[in-house]
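Have a look at the structure below before the remarks.
Taken together, the values in this text are just the output of simple stated rules run on the coordinates, not laboratory data. Values in this document were obtained by computation on a predicted structure and should not be read as measured data. Here the Cβ positions follow ideal geometry from the backbone for every residue, glycine too, while neighbour counts run over all protein chains shown.
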Amino acid sequence: MLVLNYPSKKELKENIGNSLSYTETSMFGDEYISNGTFAGCNRPHLTGYSREFFAEVTMLDDKIIGVK
């Protein structure tokens, strides 16, 4: 699961139309895909942000087009 570098899911949603700020965590290959849907989270002990959240992010041409 990707670590999303945003302090809250609300801020992630406010970045729809922009590129994604993330950190890869898998040792088995890249999890980020430029076209499609994947799961991500914010882990406060890794990012320093205070809020933990999980999100399903939809990308198109390296831009965020949806967040659930």
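Among 16-26, 49-59, how do they line up from the highest to the lowest mean number of other beta-carbon atoms within 10 Å?
Ranking the peptides 16-26, 49-59 by packing returns 49-59, 16-26.
Among residues other than residue 25 whose Cβ falls under 15 Å from its Cβ, what is the net charge (Lys/Arg +1, Asp/Glu -1)?
-3
Can you tell me which aspartates and glutamates have their Cα less than 16 Å from the Cα of residue 68? Leave out same-chain residues fewer than eight positions away.
Within the straight-line cut-off, residue 68 pairs with 11, 14, 52, 56.
Hey, what do the phi angles of the range 38-52 turn into as Karplus ³J(HN,Hα) couplings, whole Hz, using 6.51/-1.76/1.60 and θ = phi - 60°, x for Gly and Pro?
So the J values, rounded to whole Hz, are 8, 9, x, 8, 10, 10, x, 6, 9, 9, x, 6, 8, 10, 9.
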